[in-house]
Structure formats: structure tokens, C-alpha cells
1. Which FRET efficiency value, to the nearest 0.05, do you get for Asp260 and Glu218 by plugging their Cβ-Cβ distance into 1/(1 + (r/R0)^6) with R0 = 51 Å?
2. Sorted by packing (mean other beta-carbon atoms within 10 Å per residue), highest first, where do 66-72, 265-271 land?
3. Report the label-to-label distance for Leu253 and Asp275 in nanometres (one decimal), using points 7 Å from each Cα along the Cα→Cβ vector.
4. What FRET efficiency would be calculated for the residue pair Gln102, Ala74, taking the C-beta separation as r and a Förster radius of 22 Å, to the nearest 0.05?
5. Please work out the Cα center distance from segment 220-272 to segment 158-174, rounded to the nearest Å.
6. Heavy-atom accessible area per residue, segment 192-235, 1.4 Å probe: how many Å²?
7. What are the aspartates and glutamates whose alpha-carbon lies under 15 Å from the alpha-carbon of Lys300, with same-chain residues fewer than 8 places away excluded?
8. Using R₀ = 22 Å, calculate the FRET efficiency as 1/(1 + (r/R₀)^6) where r is the Cβ-Cβ separation of Gln35 and Ser298; round to 0.05.
Amino acid sequence: WRDWSSGRVLFRSAFTNNLALPVEERRYVWNLHGQGGVGKTTLLKRLLGLAADAGSLTAFTDESVGDAVDVMAAISRELEKQGAPLKTFDERHHRLLELLKQVQSDPDLPDGLPALLGRTLGRVGVEAVRQVPFGGTAIGFIGADNIVSKFGECATFLTKKLKSNDDVALALRPIDILTPLFVADICKHCAERIVAIGFDTYEKTAVYLDSWLRSILEGRFGDFSANSIILIAGRDKLGDKWAEFLELLHTDLLDPITEDEARTLLTGKGITDNDTTELIIRLSGRIPLWLATLASQSPKGPGSVQDPAGNAVEIGRA
């Protein structure tokens with residue numbers, strides 16, 4: 001089912017051709033979008049596979065990784081498996097985990113701060129909309145989830161508990177501290193090989209990754225190598241905030257497959273009865289995921305086809 005459409009073959013060919021272009025001619029933000037079940041995840045993984053086959057380093061993330069800090073850590077683990085560790089990032093990230101464990105186990109930790117010190121600060125910090133005084137320095141902070149009022153309390157507590165100002169800054173601003181290290185380490189590997197990173201289910205992760213990714217491309221965390229490709233797959237096309245990157249951006253809309261392609265797939269699964277084929281095509285909307293689901297039932301006729309809601313379909317409805 002992974003090769004369901006000649007159109008997907010064209011997408012793969014375009015990506016392969018892009019990999020072979022000189023760096024200055026390459027599109028290095030690749031956006032796949034379309035309705036659920038149309039095959040975005042499958043195609044994203046296939047494109048990463050093509051990049052790997054061409055000698056690139058690759059990494060894949062999705063909504064199972066819940067904030068920007070964890071995303072960087074997940075990418076680092078994937079690259080380490082390929083012999084390309086992000087050493088400087090890993091050292092500081094490990095220190096962050098130690099600090100969080102130390103602070104969150106402190107019996108004097110005020111109520112409400114454990115959540116702030118954990119995932120929340122891993123999702124904010126890219127866009128400074130408030131300035132909170134700390135240690136003589138203004139620290140930019142997003143007022144997300146009604147936690148700005150807790151930030152000063154958190155800073156005061158950490159200042160008392162941690163001996164190093166660097167540790168305090170790392171615990172309070174993990175994105176701002178770790179991202180430059182992440183970018184620099186990635187770029188070291190980009191000097192020799194393309195690094196291709198896939199971000200799946202972007203309709204769910206954009207809320208905490210979109211601003212961060214754009215900030216990386218803007219150079220806010222240091223120069224980001226053009227010898228890299230960022231692949232973003234989600235239900236929605238990248239919005240107006242990406243307008244400044246149009247010259248770097250390639251966009252593909254994944255439509256349902258054609259009726260002929262659907263029939264070919266069903267025939268390959270041993271489903272040749274015309275009434276059964278037409279019913280499956282109608283119920284699935286020619287969405288690959290639903291086609292695969294309905295065909296997996298190995299229906300012997302229209303009456304044994306289950307609709308997507310799990311109800312038996314009567315022969316008369318065919």
C-alpha cells in the first residue's frame with residue numbers, strides 16, 4: 001500500500017531531484033499537507049528514506065514528543081544512532097534533566113512550579129512578550145497558559161536553590177539556551193552531509209514548534225546550514241507566517257488517489273467483484289488509509305463490507 005499512487009511517485013522524484021541540486025538551488029523546507037488518512041506520514045517517511053539512501057542523516061518526530069526541548073533531544077538520539085551525536089547539546093540537555101530532577105524533588109518547591117519547570121518552559125521562550133527582571137537581566141518570556149505570574153516566583157526560588165547563574169538560566173530558559181547548541185551541532189554535521197529532519201502531525205505540534213522552527217530559519221539561534229532539509233507534514237498548508245521563506249519552500253498537496261488507482265490496489269488485494277469494489281471506493285472516499293482498512297477485511301461481497309463506523313453494509317445499499 002505504500003506505492004499506491006503514481007502521483008506519490010512524482011512527489012518522490014521531485015524530492016530526489018532536489019537532494020541532487022547544488023545547495024544554493026535547493027528548496028530546504030518541504031511541506032506535505034492534506035486531509036487525514038491521505039498518506040502524509042507514509043510519504044514523509046519515504047522521503048526521509050530516500051534522503052538516507054542518498055547518504056543523508058535523518059530524524060523523524062511527531063506529536064508523541066511533547067515540546068521543543070524534547071524534540072531536540074529526540075532528534076539528537078536519532079542522529080547519535082547514525083554516528084552523528086550532538087555532543088554539546090547533549091551535555092547541556094543532560095544538565096537540564098539533572099536540574100529539573102533536583103529542583104522538582106525539593107520539599108520547599110512552591111505549588112504550581114513543577115509544571116512550569118517541566119513541559120511548559122519547554123514550549124515557550126521564543127517570542128518575548130513580557131520582560132521579567134531576574135538577576136539584573138531582563139528575561140524574555142511568553143505569557144502562555146496563564147503562567148507569567150508564576151515566572152517571578154520560579155526565578156526567585158531557583159536563584160536561592162541553585163548555585164550557578166548558568167544553571168538558573170538553563171532551567172528558566174531551556175529553549176533559548178539549548179537551541180543555539182542544537183543548531184551549532186547540527187551545522188557541524190551539515191558540513192559533510194545533508195541533515196533531513198521530519199516533523200509529522202504538524203497540525204498538533206505547530207502550537208509549540210512553529211515559532212521555534214521559524215526562529216531557527218531566521219537565524220535567531222545562529223546561522224542554520226542550507227545543507228539541511230526540514231520536512232513538515234500536517235493537515236494544513238504552512239500559513240502566512242512562512243511567507244518570508246517562500247523561496248526556500250516546496251509545498252505538496254496530497255489528494256485522494258484516483259478511482260483507477262483505487263481499483264488497481266483493490267485488485268492487488270484480491271478484491272475483483274465490481275459491486276464490492278465500487279462500495280469500498282465510495283465508502284473510503286479514495287483515501288488510502290480507509291481503502292486499506294476496508295480491503296483488510298477481505299470481503300467476499302458487498303454485504304460483508306464494514307463501513308468506517310464499523311457497521312455492516314447491506315447489499316441493497318451497494
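1. Details: r = 44 Å, r/R0 = 0.87.
The calculated FRET efficiency here is 0.70.
2. Details: 66-72: 22.3, 265-271: 15.9.
Most protected by this proxy first, the peptides run 66-72, 265-271.
3. 3.7
4. Numbers: r = 23 Å, r/R0 = 1.05.
Between Gln102 and Ala74 the formula returns 0.45.
5. 41
6. Numbers: 1530 Å² over 44 residues.
Computed with neighbouring chains in place, this is 35 Å² per residue.
7. Asp273, Asp275, Glu278, Glu314
8. Numbers: r = 26 Å, r/R0 = 1.19.
Efficiency computed from Cβ-Cβ geometry: 0.25.
The values are calculated or read from the model by the stated rules, or taken from the named source; none is laboratory data. Note that this is a predicted model, so its numbers are computed, not measured. Here Cβ is always computed from backbone atoms with ideal geometry, including for glycine, and neighbour counts include all displayed protein chains. Just so you know, the surface numbers come from the protein's heavy atoms only, side chains and all, with ligands and any DNA or RNA stripped out. Shrake-Rupley method; radii C 1.70, N 1.55, O 1.52, S 1.80 Å.
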